[in-house]
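Note sheet for the following structure.
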Amino acid sequence: MESLYQYSWLIPVLPLIGGAVIGTGLITVSEATNSQKRLSAGFIVSLMGTSMVLAIALLASQFQGHEAFTGTIEWVSAGNFNLSMGYTVDHLSSLMMVIVCTVAFLVMIYTDGYMSHDAGYVRFYTYLSLFGASMLGLVVSNNLVEIYIFWELVGMCSYLLVGYWYERKPAAEAAQKAFVVNRVGDFGLLLGILGLYWCTGSFEFGTIGERLQELVNGGSIAPALAAFLAVLVFLGPVAKSAQVPLHTWLPDAMEGPTPISALIHAATMVAAGVFLVARMYPVFDHIPTVMNIIAWTGAVTAFVGATIAPTQMDLKKSMAYSTMSQLGYMVMAMGIGAYSAGMFHLMTHAYFKAMLFLCCGSAIHGMEPVVGHDPVLSQDMRLMGGLRKFMPITAITFLIGVLAISGIPPFAGFWSKDEILGAAFQANPALWAVGWITAALTAFYMFRMYLMTFEGEFKGYDMAKRKELYQIAQDKEIVLLGSGAVKAEELEGEADRSATPHESPITMALPLIILAIPATLIGFVGMPWSNFFEAFVHAPGETATVAELAAEFDMNEFVLMAGSSVAIATVGIILAFMTYMWGKIDPAAIAAKYKTVYNLSLNKWYFDEIYDRIFVQGSRRIARQIMEVDYRVVDGAVNLTGIATLVSGEGLKYLENGRAQFYALIVFAAVLLFVIVFSIT
């Protein structure tokens, strides 16, 4: 068993090898590599599968009580400065490795069906493999410097994958937006890391926490400085986990292919921020101000995301706001000290949200025979409806995911979300109230998505609606994929009703079925009266057995809290059915009556417009002013020097005529001028 730990570094290295080998082939022998697409994909998937098997073995070993293992090598040594790099296998990292590997493995299988006709099939698999390696490297890192390196590699892979269809303007802009917004958070993270090293002389998580607390208690540094440095570090998770106000990149990132939305923007990369908060818990836990900031940041994010999703018509973007909201729950849990609850929800959410995104991709794929390979039309819920009879597997698995995220027992989301709400009620009733209302909104907009997509009548043949949606896309200058641009005349007349939506191939359907199992059952490991999860994953310095946790369990409190959360979710579900299934509520009438609130949600709380006005337009105004200074002052000084040289040269050339008498006259005039000047003074 010990050898398993000694070779656990292979878990991130194997997918790195896969990406490097196939990537090198794409660079050197592109035609040959692209022609062997199945072989290339099989090589990458098999390496990720091997990593998955190793990760599961390590998790089982940790669960059986094996001590944490750390392997290190000296990376940099200069005088008294020593920096080691290595890997840590403990309860947290072993859990995260299994989550990353299992989701990545299933997404890679799904990708074969989803991207089978894409010209960049092999390139896409290469990016996936590099991302998997980067994320796995991040979760096993044993110090802040190493985490920061992999943090940036994960961001690079996200940029490449979001902008995978770079010929489309929205995809290219979304990749740039994700890159820029994340750089804001990452700059704060870098400053925080350097500041903490300046204070504590260490990059190790536990050591930083202990020394920082000693320095604050001893009066060596001010509590405000410690809080400031901790907040700087927290800026990294704010951006990476799409927390307000650095959340605006996540919905736009849905321009990437759907497997990326499932892997990066639902299950793994966006969870990296929550993971970093967990790793830095020894620092944050001793600074109440920072914990409050973390908790309220998460609560506000959960609420904002849940208020935007109900008005979005793009299937994937609506799901993205759901992800943002659920990440808010996790961050709020960390802020109130519910460490295990936050990580529990991270795990359950990873599986059911990955499944939900893959279901979205399946629905989009199934729509393509009717509307073409056109994201403007194939992703809009206004052209869907009734897909359940065409795509039963996708519909059933999507419904399971919706029930899980809505917090309906016995599905996974119920157990993890209820634990967060229970902890929030004890810590701060105001936070609980925000989370409770958000639970109602979550149930409403998730069932809205299900009903608009899979129930009712199929609307894909409505050419008038297609034309309207395409006109909106043209107004926004959205360029369609490749040569798939729709001509205006193609939107006239009747639709071809011989084309119908279809169920996805087995490579896409099988991952949905597999993910439906943890989405339904994995919550049982965290039942409050038999909480194996909390006994396994707990805050640093805390220990508890399943029996001890069961002894602390209060059934009356559980029934009250769980009952209230299920009741409010049920209200949201009933409202969704009354609005989008039974027609008892007219959403258009409500939007007209509460136009301000509707527009606030529809326009995403105007964050993009505000940022555009302040940062984009503001930067352009500053750039124009700088250009004016450059033109009038800098260029003016240079031009003046040239003119002065030209004029002086033109004048002096008349004095250089080669006549000795003329030179003598100049000398006489100069002497006479000096005599006159000195005589006067």
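The values are calculated or read from the model by the stated rules, or taken from the named source; none is laboratory data. Everything numeric here is computed off the predicted structure, so don't read it as measured data. Note that we place each Cβ from the backbone using ideal geometry, even for glycine, and neighbour counts take in every protein chain shown. Surface accessibility is based on the protein's heavy atoms, side chains included, excluding ligands, DNA and RNA. Shrake-Rupley method; radii C 1.70, N 1.55, O 1.52, S 1.80 Å.
Results, tabulated for the structure shown:
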| item | result |
| --- | --- |
| Within-11-Å neighbourhood charge of Q379 [Cβ basis; K, R +1; D, E -1] | -2 |
| Prolate/oblate/rounded label for region 105-172 (Cα gyration tensor, a/c 1.5) | oblate |
| Two-site FRET efficiency, I614 against R659, from Cβ-Cβ distance with R₀ of 51 Å, rounded to 0.05 | 0.15 |
| Two-site FRET efficiency, R497 against I56, from Cβ-Cβ distance with R₀ of 35 Å, rounded to 0.05 | 0.15 |
| Fraction of accessible area attributable to carbon and sulfur, the chain (%, probe 1.4 Å) | 66 |
| Whole-Hz ³J(HN,Hα) from phi, Karplus 6.51 cos²θ - 1.76 cosθ + 1.60, for region 434-451, glycine and proline x | 4, x, 5, 5, 4, 4, 5, 5, 4, 4, 5, 6, 6, 6, 4, 4, 5, 5 |
| Computed accessible area, C101, all protein chains, 1.4 angstrom probe, square angstrom | 0 |
| Charge context of A272, other residues only, Cβ under 14 angstrom, K/R +1, D/E -1 | -1 |
| A637-I513 pseudo-label distance in nm [points 7 Å out on the Cα-to-Cβ vector] | 7.5 |
| Under 12 Å from the Cα of K169 - aspartates and glutamates, other chains or at least 8 residues apart | D252, E255, E477 |
| Prolate/oblate/rounded label for region 26-74 (Cα gyration tensor, a/c 1.5) | oblate |
| 1.4 Å probe accessible area per residue over region 25-67, in Å² | 56 |
| Alpha-carbon Debye profile of region 1-58, log10 I(q)/I(0) at 0.17, 0.19, 0.21, 0.26 Å⁻¹ | -0.58, -0.67, -0.75, -0.96 |
| Vicinal HN-Hα couplings computed from phi for region 164-173 (Karplus, 6.51 cos²θ - 1.76 cosθ + 1.60; Hz; Gly/Pro x) | 4, 8, 5, 6, 8, 4, x, 5, 5, 5 |
| Cα→Cβ-extended label distance, 7 Å offset, between F553 and L602, nm | 4.8 |
| For W75, residues with placed amide H under 5 Å, excluding near neighbours | L83, S84, M85 |
| By accessible area with a 1.4 Å probe, ligands and nucleic acids excluded, highest first: order of H365, H286 | H286, H365 |
| Charge-dipole axis of the chain as Lys and Arg at +1 and Asp and Glu at -1 on Cβ define it, positive-most pick from M280, I420, I590 | I590 |
| Under Karplus coefficients 6.51, -1.76 and 1.60, residue-wise ³J(HN,Hα) of region 330-343 in Hz, glycine/proline x | 5, 5, 4, 4, 4, x, 8, x, 8, 4, 5, 5, x, 6 |
| Rounded tilt (10° steps) of 205-218 against the dominant C-alpha axis of the chain | 70 |
| Helix axis angle, 10-28 relative to the chain longest principal axis, alpha carbon, degrees | 60 |
| Cα-based helix-to-principal-axis angle, 635-652 vs the chain, degrees rounded to 10 | 20 |
| Largest to smallest accessible area among V89, V231 [probe 1.4 Å] | V231, V89 |
| In nm, spacing of pseudo-spin labels at R382 and I680 (7 Å Cα→C-beta vector) | 8.5 |
| Computed accessible area, S340, all protein chains, 1.4 angstrom probe, square angstrom | 10 |
| Average accessible surface area per residue within region 230-351, 1.4 Å rolling probe, Å² | 14 |
| Extension reserve of the A669-S220 stretch, reckoned as 0.36 nm per residue once the Cα distance is removed | 154.0 nm |
| Heavy-atom accessible area ranking, 1.4 Å probe, most first, across W436, W75 | W75, W436 |
| Mean Cα-pair separation over length for the chain, i.e. relative contact order, pairs under 8 Å, 6 or more apart, % | 12 |
| Within region 3-122: Cβ-based charge dipole about Cα centre, in debye rounded to nearest 20 (Lys, Arg +1; Asp, Glu -1) | 180 |
| Local electrostatic count, W436, Cβ distance below 13 Å [Lys/Arg +1, Asp/Glu -1] | 0 |
| Compactness of region 97-213, expressed as Rg and Dmax over alpha-carbon positions, Å | 17.4, 56 |
| P(r), alpha carbons of region 206-338 - 10 Å bins starting at zero, rounded % | 13, 41, 27, 13, 5, 1 |
| Reach of K467 by Cα under 16 Å, taken over lysines that are not fewer than 8 positions away in the same chain | K459, K476, K487 |
| Distance histogram in 10 Å bins (all Cα pairs of region 545-681, percent per bin) | 8, 11, 13, 11, 11, 8, 7, 7, 6, 5, 10, 2 |
| Built amide H within the under 5 Å cut-off of S406, gap 5+ | none |
| Overall form of the chain per C-alpha gyration tensor (a/c, 1.5; a/b vs b/c) | prolate |
